[in-house]
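Comments concern the structure below.
The values are calculated or read from the model by the stated rules, or taken from the named source; none is laboratory data. None of the values given here were measured: they were computed from a predicted structure. Glycine gets a Cβ as well: all are built from the backbone with ideal geometry, and neighbour counts include every protein chain shown.
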Amino acid sequence: METSESFLKKKFQEYYRKVKLGKPLEIEKREFGVGEFGKKITRRHLSFSSHAQFNQFLQTEAPFYVSYSNAYYQFPARTPMTAKKLLSSDLVYEFDADDISTNCKNQHDSWKCPKCQTEGKGEVKICPNCSNGTQQEQWFCSECLNATKEQMLKLIEIIENDFGFSEGLHINFSGNAGYHLHLDSEKIRMLSKEARIQILDYLTFHEMDFEQTQFLTTVDKMVYCPSLEKTKGQHRRLMVYLEKVISEKSVTDLASIGLVSVKKIKPFLENRLKIVEKLRQGTMLPLPGNFSDTQKFWQSLLTYAVEQNTLAIDRQTSVDLHKIIRVPDTLHGGTGFLAKSIPLPEFKKFNPFNDSIVFSEKPVKVFIKNAPQFSLGNQTFESMQNQKTELPEFAAIYLMARQKALLAEDFL
Ligand SMILES: [Zn+2]
Ligand SMILES: [Zn+2]
């Protein structure tokens, strides 16, 4: 009898027989890992001498997940890790919708407390009733994936403008809820772990100690910041953002961000043009009344600017030289989507819920255990619970891979 798992495997196999991969670069120096149904990595320390051998493996085994090392090794299959002899490593940045808070999560995510059975909608990690850790049910939609894309676009801008890295940038969809950026130019490959940490700290404002960098200084009851002319890179981005906050936010928003009363801030904001003009020159104008309010206000605004401009990069992926990550253009066993490589000019209009679909529209009978409403391949599927139905193959594979549906024969 065909099970959901064997059905998926058969489909993955058909795909790998049809499409040959010409990636990754320098395949013979990479370590590979594969996973099974429901488990991302079950075997590591695999290596392939050529793309032909790798493709042969994919066709025979049709793994549910395929990962490879950012690192290049002399002996990629050897264990322990030190025996592999590290040669160099690509730099990889990973963004996941998981790490970015968006309103849509209140629609499609839910949680349940395993201890007291309380449940609800949204992203709640600690049970409000008994403080136990909750079990979370996560889904992803265009809104959270777009927020993830925005983060990636910001990163690329900084990487190109502040670091001058313009070659060897490759983006791919993760196959589930995020995007990966691989940088593989010669210049980058040789960066030490320390250098990678420094870059990451810069991107996430980790290096930003307000006192030490003297971003804000106080002299004779006046607060000063660097003038726009004199700042560059991330600090300039903060200054530009502060200007935007002052110019565009409402009085109530600015009172709440700046931790001061509306009454106090209202007269102050009457001449916003002047505040911005002074800010550009490096002077943060005082609020009426106590100087402590002025300090608190500007400090809070700066903290807010840092929060809003910090990239939600997965820290470990970028600094762990031995990490393995999804091979671009392989299938993701938790969705059936292709972890598709996306040429840089096409990234803005990439839609993962259409463009990463590789399976057909042929109807497949499934038993749906539990699924919220979702959109895929230009179609919207209604929320269903404990229901037998017919879905296009790509949607059936998506729900089966997510373990939210079973092949109908399986159930009968
Ligand atoms: Zn509870
Ligand atoms: Zn969403």
TODO: Go through (1) loosely packed, with under 13 Cβ neighbours inside 10 Å; (2) more than 16 Å from ligand 1 (Cβ to nearest atom); (3) assigned to a loop (DSSP other than H, G, I, E, B); (4) of a type outside the set (Val, Ile, Thr) one by one and return the number of the condition residue 165 breaks.
DONE: (1)
Open item on the list: So, in the range 15-40, exactly how many residues are loosely packed, with under 14 Cβ neighbours inside 10 Å and not in a loop (DSSP other than H, G, I, E, B)?
Closed with: 3
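Taking the condition exposed (fewer than 15 other Cβ atoms within 10 Å of the Cβ), away from ligand 2 (no atom under 16 Å from the Cβ), in a helix (DSSP H, G or I) and not hydroxyl-bearing (Ser, Thr, Tyr), does residue 150 pass? If you could, list the steps in order and put the result at the bottom.
Values: exposed (fewer than 15 other Cβ atoms within 10 Å of the Cβ): yes; away from ligand 2 (no atom under 16 Å from the Cβ): no; in a helix (DSSP H, G or I): yes; not hydroxyl-bearing (Ser, Thr, Tyr): yes.
No: the conditions fail for residue 150.
When the residues of the range 125-147 are narrowed to those that are of a type outside the set (A, V, I, L, M) and away from ligand 1 (no atom under 16 Å from the Cβ), which ends up farthest from residue 403 (Cα to Cα)? Spell out the reasoning first.
Step one: list which residues in the range 125-147 are of a type outside the set (A, V, I, L, M), which gives 125, 127-144, 146.
Filter again for away from ligand 1 (no atom under 16 Å from the Cβ), leaving 138-144, 146.
Details: 138: 12, 139: 12, 140: 15, 141: 18, 142: 21, 143: 23, 144: 21, 146: 25 Å.
Checking each candidate, the answer is 146.
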TODO: For the range 83-96, indicate whether the set of residues that are closer than 29 Å to residue 204 by Cα, of a type in the set (Gly, Ala, Ser) and in contact with a strand residue (DSSP E or B) (Cβ under 9 Å, 6 or more places away or on another chain) is non-empty.
DONE: yes
Task: Filtered residues of the range 48-65 (kept if surrounded by fewer than 12 Cβ atoms within 10 Å (Cβ to Cβ) and in contact with a helix residue (DSSP H, G or I) (Cβ under 9 Å, 6 or more places away or on another chain)) - done: 49, 50, 60
- [ ] Within the range 156-175, identify whether any single residue is touching a residue at least 40 places away in the same chain (Cβ under 8 Å) and within 16 Å of ligand 2 (Cβ to nearest atom), and answer yes or no.
- [x] yes
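So, residue 308, is that one polar (S, T, N, Q) and either surrounded by 19 or more Cβ atoms within 10 Å (Cβ to Cβ) or modelled with pLDDT of 95 or more (or both) or not? Give the steps one after another, and end with the answer.
Details: polar (S, T, N, Q): yes; either surrounded by 19 or more Cβ atoms within 10 Å (Cβ to Cβ) or modelled with pLDDT of 95 or more (or both): no.
Criteria not met by residue 308.
Of the residues 292, 247, only one is at pLDDT below 95, under 23 Å from residue 217 (Cα atoms) and either part of a helix (DSSP H, G or I) or more than 35 Å from the chain's Cα centre (by Cα) (or both); which?
292
Taking residue 175 as the residue in question, decide whether it is away from ligand 1 (no atom under 16 Å from the Cβ), of a type in the set (Gly, Ala, Ser), under 30 Å from residue 46 (Cβ atoms) and out of contact with any Asp or Glu (no Cβ under 9 Å at 6 or more places or on another chain). Don't jump to the end; show me each part of the working.
On the way: away from ligand 1 (no atom under 16 Å from the Cβ): yes; of a type in the set (Gly, Ala, Ser): yes; under 30 Å from residue 46 (Cβ atoms): yes; out of contact with any Asp or Glu (no Cβ under 9 Å at 6 or more places or on another chain): yes.
Criteria met by residue 175.
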Open item on the list: List pairs: first residue in the range 286-313 and more than 23 Å from residue 234 (Cβ to Cβ), second residue modelled with pLDDT under 90 and of a type in the set (A, V, I, L, M, F, W, C) anywhere in the structure, Cβ distance under 6 angstrom, at least six positions apart or on different chains.
Closed with: none
Open item on the list: For the range 292-312, give me each residue that is more than 25 Å from residue 100 (Cβ to Cβ) and either among the small types (Gly, Ala, Ser) or in contact with an Asp or Glu (Cβ under 7 Å, 6 or more places away or on another chain) (or both).
Closed with: 292
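For the condition surrounded by fewer than 17 Cβ atoms within 10 Å (Cβ to Cβ) and more than 21 Å from residue 201 (Cα to Cα), what is the one hit in 293, 253? Spell out how you get there, then give the answer.
Working: 293 fails: surrounded by fewer than 17 Cβ atoms within 10 Å (Cβ to Cβ).
The conditions single out 253.
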Task: Tabulated pairs, the range 102-114, first more than 16 Å from ligand 1 (Cβ to nearest atom), second part of a strand (DSSP E or B), C-beta under 6 angstrom, 6+ apart or interchain - done: 106/121
Open item on the list: Test of understanding: among 339, 395, which residue is among the hydrophobic types (A, V, I, L, M, F, W, C) and in contact (Cβ under 8 Å) with a residue 24 or more places away in the chain?
Closed with: 339
TODO: State all residues of the range 95-129 that are more than 24 Å from residue 145 (Cα to Cα), polar (S, T, N, Q) and either within 16 Å of ligand 2 (Cβ to nearest atom) or exposed (fewer than 15 other Cβ atoms within 10 Å of the Cβ) (or both); if no residue qualifies, say none.
DONE: 117, 129
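Run down 92, 19, 34 and say which single residue is hydrophobic (A, V, I, L, M, F, W, C) and under 30 Å from residue 154 (Cα atoms). So that I can check it myself, show each step before the final result.
Details: 19 fails: under 30 Å from residue 154 (Cα atoms); 34 fails: under 30 Å from residue 154 (Cα atoms).
On inspection, the qualifying residue turns out to be 92.
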